[in-house]
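Every number in this text was worked out from the coordinates using simple rules, so none of it is lab data. The model shown is predicted, which means the values in this text are computed figures rather than measured ones. Note: ideal-geometry Cβ built from the backbone for every residue, glycine included; neighbour counts use all protein chains shown.
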Amino acid sequence: MAKHTPRFVCSACGNATQKWAGRCEACGEWNTIAEEAPLSAGPGKKALGAAKGRRMGLSDLQSSEPPPPRIHTGVAELDRVLGGGLVPASATLVGGDPGIGKSTLLLQAAARFADAGLKVIYVSGEEATAQVRLRADRLGLSQSHVLLAAETNLRDILTTLEAEAPDLAIVDSVQTMWLDTVEAAPGSVSQVRAAAHELVSFAKRRGVAVVLVGHVTKEGQIAGPRVVEHMVDTVLYFEGERGHQFRILRSVKNRFGPADEIGVFEMTGAGLSEVANPSALFLSDRDAPAPGSVVFAGLEGTRPLLVEIQALVAPSSLSQPRRAVVGWDGGRLSMILAVLEARAGIGFQGLDVYLNIAGGVRIGEPAADLAVAAALLSAREDAALPRETVVFGEVSLSGALRPVAQTDTRLKEAVKLGFTAAIVPGGSKHTGNKDITVQTMADLPRFAGEVFGAG
Ligand code: TYD
Ligand code: MG
């Protein structure tokens, strides 16, 4: 018998080592390394050349077949994120924190598909069928013809799927599935990876659209589905703050459409409802101009989104003043504070700084830099921007402001929501719009001085 050397694999990046470590040396993530069972010796283990492989069928790059028809989910926000509907013979991963609403969303989508006459199988490894039915009842979907099963044994699931040949199969969640050929606990990296592999090959082989649900935990306790991301065609993340009712479905990878597209939902007592015009929702009631609050004209995928950025600056009693940020990158906040200090001479020493993106959205765009700087300045100087002004632009380390993509789209959305002024970086390309006054600024010091009289 071959000697068994242990193998440890990082669930975040897939790097394999021979020793366990608390931190992955390849990607730097903590607590992501777990022991992995060796591959059982199969035909794949034979030396190449000993047995000849099968000859592959080769085909031309140009295809005479039309592109596969997309299956519309009937949930417009979901269709948008998928790039126009589900593609048959594709695998989609829907990831997100536990309790964020993945099962709810997929059950609702499953019901819409079933109502459109498609054959849909929903396999739950987390809830009993009675529980799923109860939820369907609450969501008013119990009339829909979705075939349910509560099962975690992947062999049984695949046998059933092969026999039933559905149009769509939903497996909730990939962490609960296990294969009897893999010697590891359900939820371990090996099991998750093997289960995903089986389901993805089933999708391709039988032309079925397969949707996998994956839980993500910050601590990396369960094997993250990130190793699965490479295997599937489309990766969607369902995000939002638990306390907020808004949920954002974001495509982070899509082999069949644009990535970075978002769909916005609201969690209600009757499940998730679509939010067709999200900008209006992310802006709080803006009756009076408030210091520290600035409206950022952002862009998520192809979709403009106005969000309110709120800052609070207060004297600190701590030797190391607080820097707290929700919905934005903490490192980026430090950078903006440093640029304000070094280039405009506006310091935040001895001051606690809190930054919050209203509504529970997360912003990743550097285009928010200028709006964040504006919120910080506005809070520090206790001076509000005029109520109907939007701000966007990237701040470079030199303090210069850099134009960002799609100025026109952002301005148009601002006009649509009643804004009449915008402050943008010099050199921003736009066609001009009579409904909005566009003021350009070359750098951050000038912006601080002219808009807030600071510096
Ligand atoms: P769920 O879909 O079970 O989350 P996930 O599958 O991502 O773990 O959603 C769970 C949360 O959603 C739960 O806290 C209750 C809430 N919820 C509602 O607010 N309204 C509803 O109609 C439903 C079904 C769930
Ligand atoms: Mg669930």
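Before moving on, here are some points about what is shown:
- Nearest-0.05 FRET efficiency for Leu58 and Ala165, computed from C-beta distance (R0 25 Å): 0.35
- Principal-axis analysis of the Cα atoms of the chain puts helix 129-138 at an angle of about 40° to the longest axis.
- Rounded to 10°, Cα long-axis angle of helix 330-344 versus longest principal axis of the chain: 20
- Shape analysis of the chain yields a ratio of the Cα radius of gyration to the Kirkwood radius, Rg/Rh, of 1.03.
- Cα-based shape type of the stretch 76-275, given that a ≥ b ≥ c are square roots of the gyration tensor eigenvalues and the cut on a/c is 1.5: rounded
- Gyration tensor (alpha-carbon) shape descriptor, the stretch 281-452, a/c threshold 1.5: prolate
- Label-to-label distance for Val326 and Ala89 is 4.7 nm, based on points extended 7 Å past Cα in the beta-carbon direction.
- Think of the chain as a dipole: +1 on every Lys or Arg Cβ, -1 on every Asp or Glu Cβ, centred on the Cα centre; then among Gly22, Ala379, Ala454, Gly22 lies furthest on the positive end.
- You can think of it this way: the chain between Arg446 and Arg206 has 80.2 nm of extra reach, that is 0.36 nm per residue less the Cα-Cα gap.
- Between Ser319 and Glu126, the contour length at 0.36 nm per residue exceeds the alpha carbon distance by 64.8 nm.
- Our summary of shape: the Cα atoms of the stretch 287-376 have principal axis extents of 43, 29, 21 Å, ordered from largest down, in whole angstrom.
- Helix 189-206 and the long axis of the chain differ in direction by around 80°, with both axes built from C-alpha atoms.
- The stretch 162-281 shape via C-alpha gyration tensor axes, a/c threshold 1.5: prolate
- For the stretch 419-452 and the stretch 239-281, distance of Cα centres in Å: 30
- Inter-site label distance for Glu183 and Lys253 at 7 Å from Cα along Cβ, in nm: 3.0
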